[in-house]
Amino acid sequence: MAARGGAVNDTVRVAQRLRLDTLDRLSGQGRGWVGPAVDPRALRVGVVHLGIGAFHRAHQAIFTELAAAATGREDWGITGVTQRSASVRDQLMPQDGLYSVLERGADAAPLRVVGSVRDVVFGAGDPAAVVDRIADPAVRLVTLTVTEKGYRRDGAGRLDRSDPEVVADLAGRPPRTVVGQLVRGLQRRLAESAEPITLLSCDNLVGNGDVLRGLVQDIVDALPSSEAGGLADWITTSVRFPSCMVDRIVPATTAEDRADALAVLGLEDRGVVVAEPFSQWVIEDDFAAGRPAWERAGAVLTRDVAAWEAVKLRMLNASHSLLAYLGALRGYDTIAAALTEDRLAAAAESLMVEDVAPTLRVPDGLDLDHYRGQVLTRFANPALRHRTVQVAMDGSQKLPVRLLGTVRDRLAAGAVPRHAALAVAAWMVYVAQGRDVRGRDLPLDDPMAERLGTAGAAAGGDPQRLVDALLHVDEIFGADLRDHQGFRAALVDHVAQLTKG
């Protein structure tokens, strides 16, 4: 790997940028890196991806490229849409869409240059271009990784009609919300070609396909009849919303990662992403107009995603959140470092064994004990440097899908889930305390940050008042959990333990 220090900076300044022409001139393939599995110049765009962050580039974009290579199909190139910042466009477009994926950990594959992304659009800067891409009859698939908060749902899981951005989209401005972009694109598509299309959510939401279908319907129902004419019926017959489950740990890229990619490739790559060696994708096989042969790249195509999804959300994602909040409070910067403390490792394992496992319907062919061990091994990979505060983001959106389903199922069975309650209590202390054991600030990066921060501050450090204040945020907990005395008592006990001394 690259040497550290000023020499790396000097090299970065003079290195050629990764592009198709510079990649063509390299003779180093096979010496630590591999090039695109298909010729990027030959690919035609058939996929629009909303939310082209690091995860998509390390996951679906690779599956799609490998599927194209396995079948010789050249019609599944990707147009990516970056929603909030132009940074990904500015990284990739001067590189002809190319970027590299650097795996970290045991059994890491050689650095891979990926060429399936053929265009990147900045949605906030050019919303009309997003609508144009979705309406293009050559596009047969729209995929999404926009995080839980990108769907702009209310406490009941429907479209939040009070959200100012949703209101503006419904008023007719060029759309900037994800669901607004989809509906305006579908409107245009119906008017111009009426070609069928599939919308595939790849976010961590229970029944993400059904969620997306419902939100699209909410927008359509809110449109004036003069705008919606025939749209609902066409969506019913010509648009599919399959569910899927995705899994790969993709931490934020650092300057060290970029230097290591430069050392391997010999070219500066400003779009490099880092990932663990593991990757999984389980997809409901329900598509309106064909799809890439993702199964040829290792994906599982099934009619039953729900069981796989529940295992991943309740075991992997829930324990990830538990380690993030407890670890951050204890002063650990990374998930792997948090797992070095025996108490935290035991809490994560107990959450999965005692609270989560009894709630699961295990998919055929999955060994749950092996899966649990695999989760902890992956989290303990020190090469990933997955930051606790990064995983702790957006807790108001993540807790309901990662932890509270388990809580409700165990309470319904007559058991108080102590370890799931510990994870929720750690989130409450994280919100209210705002600092770790070393006195360092802990950022509250959450769409409900102002409301949560106010509730936490009003508690004045009293565990009972803190628990009551946050349990009354019905958008997160609902009246059932707010009023359950056994769950409340467990939270108060955990908060008291976490804040004493």
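The values are calculated or read from the model by the stated rules, or taken from the named source; none is laboratory data. Note that this is a predicted model, so its numbers are computed, not measured. Using ideal geometry, Cβ is built from the backbone for each residue, glycine included, and neighbour counts are taken over all protein chains shown.
Listing for the model above:
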{"item": "Verdict on Pro417 being touching a Lys or Arg at 6+ places or on another chain (Cβ under 6 Å) and either over 30 Å from Leu360 (Cα atoms) or of a type outside the set (Lys, Arg) (or both)", "result": "yes"}
{"item": "Residues of the stretch 465-501 satisfying the condition of being among the aliphatic types (A, V, I, L, M), touching a Lys or Arg at 6+ places or on another chain (Cβ under 8 Å) and more than 18 Å from Thr454 (Cβ to Cβ)", "result": "Leu481, Ala490"}
{"item": "Leading residue by the ranking (surrounded by the most Cβ atoms within 10 Å (Cβ to Cβ)) among those in the stretch 216-227 that are touching a residue at least 12 places away in the same chain (Cβ under 8 Å) and farther than 25 Å from Glu309 by Cα", "result": "Ile219"}
{"item": "Residue list for the stretch 354-400, restricted to those being in contact with a Pro (Cβ under 9 Å, 6 or more places away or on another chain) and within 30 Å of Arg451 (Cα to Cα)", "result": "Asp355, Val356, His386, Arg387, Val389, Gln390, Ala392, Met393, Asp394, Ser396, Gln397"}
{"item": "Checking Asp39 against (1) more than 21 Å from Leu111 (Cβ to Cβ); (2) surrounded by fewer than 19 Cβ atoms within 10 Å (Cβ to Cβ), the condition it does not meet", "result": "(1)"}
{"item": "Candidates Val437, Val429 - the one that is surrounded by 13 or more Cβ atoms within 10 Å (Cβ to Cβ), over 24 Å from the mean Cα position of the chain (by Cα), assigned by TED's automatic domain parsing to the domain that holds Gly331 and modelled with pLDDT of 95 or more", "result": "Val429"}
{"item": "Options Val246, Val250; residue that is modelled with pLDDT of 95 or more, within 17 Å of Gln60 (Cβ to Cβ) and in contact with a Cys (Cβ under 6 Å, 6 or more places away or on another chain)", "result": "Val246"}
{"item": "Hits in the stretch 409-425 - residues which are under 14 Å from Leu351 (Cα atoms) and touching a residue at least 60 places away in the same chain (Cβ under 8 Å)", "result": "Val416, Pro417, Arg418, His419, Ala420, Ala421, Leu422, Ala423, Val424, Ala425"}
{"item": "Matching residues, the stretch 459-501, being touching a residue at least 40 places away in the same chain (Cβ under 8 Å), within 17 Å of Leu399 (Cα to Cα) and of a type in the set (A, V, I, L, M)", "result": "Val467, Leu470, Val473, Ile476, Leu481, Ala490, Leu491, Val495"}
{"item": "Residues (surrounded by 15 or more Cβ atoms within 10 Å (Cβ to Cβ), over 21 Å from Ile335 (Cβ atoms) and of a type in the set (Gly, Ala, Ser)) located in the stretch 358-406", "result": "Gly405"}
{"item": "Residue within the stretch 126-134 that is assigned to a loop (DSSP other than H, G, I, E, B) and either free of Cβ contacts under 8 Å to residues at least 12 places away in the same chain or farther than 14 Å from His56 by Cβ (or both) present", "result": "yes"}
{"item": "Some residue of the stretch 466-473 being outside any helix (DSSP H, G or I), closer than 12 Å to Gln433 by Cβ and not aromatic (Phe, Trp, Tyr)", "result": "no"}
{"item": "Residue check, Leu411 more than 30 Å from Gly460 (Cβ to Cβ) and among the hydrophobic types (A, V, I, L, M, F, W, C)", "result": "no"}
{"item": "Residue satisfying all of: in the stretch 478-501; more than 29 Å from the chain's Cα centre (by Cα), part of a helix (DSSP H, G or I) and among the small types (Gly, Ala, Ser); surrounded by the most Cβ atoms within 10 Å (Cβ to Cβ) among these", "result": "Ala490"}
{"item": "Single condition Asp446 does not satisfy, out of (1) assigned to a helix (DSSP H, G or I); (2) within 22 Å of Ser162 (Cβ to Cβ)", "result": "(1)"}
{"item": "Cβ-Cβ under 9 Å pairs, at least 6 apart or on other chains, the stretch 430-447 side touching a residue at least 60 places away in the same chain (Cβ under 8 Å), far side part of a loop (DSSP other than H, G, I, E, B) and among the aliphatic types (A, V, I, L, M)", "result": "Tyr430/Ala392; Tyr430/Leu442; Tyr430/Leu444; Gln433/Leu442; Asp436/Leu442; Leu442/Ala392"}
{"item": "Single residue of the stretch 1-24 satisfying the filter (among the charged types (D, E, K, R) and farther than 21 Å from Arg118 by Cβ) that is modelled with the highest pLDDT", "result": "Arg13"}
{"item": "Enumeration of residues in the stretch 383-407 that are at pLDDT below 95 and either more than 15 Å from the chain's Cα centre (by Cα) or not assigned by TED's automatic domain parsing to the domain that holds Ala318 (or both)", "result": "Ala383, Leu384, Arg385"}
{"item": "All positions within the stretch 157-199 that are over 17 Å from Thr82 (Cα atoms), in a loop (DSSP other than H, G, I, E, B) and over 22 Å from the mean Cα position of the chain (by Cα)", "result": "Arg161, Ser162, Ala171, Gly172, Arg173, Ser193, Ala194, Glu195, Pro196"}
{"item": "Subset of the stretch 452-477 that is under 16 Å from Arg408 (Cα atoms) and modelled with pLDDT under 95 - its residue that is surrounded by the most Cβ atoms within 10 Å (Cβ to Cβ)", "result": "Glu475"}
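Table: residues versus (1) out of contact with any helix residue (DSSP H, G or I) (no Cβ under 6 Å at 6 or more places or on another chain); (2) more than 29 Å from Asp286 (Cα to Cα); (3) not assigned by TED's automatic domain parsing to the domain that holds Ala37.
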{"site": "Arg118", "(1), (2), (3)": "yes, no, no"}
{"site": "Arg133", "(1), (2), (3)": "yes, no, no"}
{"site": "Ala138", "(1), (2), (3)": "yes, no, no"}
{"site": "Leu141", "(1), (2), (3)": "yes, no, no"}
{"site": "Thr145", "(1), (2), (3)": "no, no, no"}
{"site": "Glu148", "(1), (2), (3)": "no, no, no"}
{"site": "Ala156", "(1), (2), (3)": "yes, no, no"}
{"site": "Glu165", "(1), (2), (3)": "yes, yes, no"}
{"site": "Arg173", "(1), (2), (3)": "yes, yes, no"}
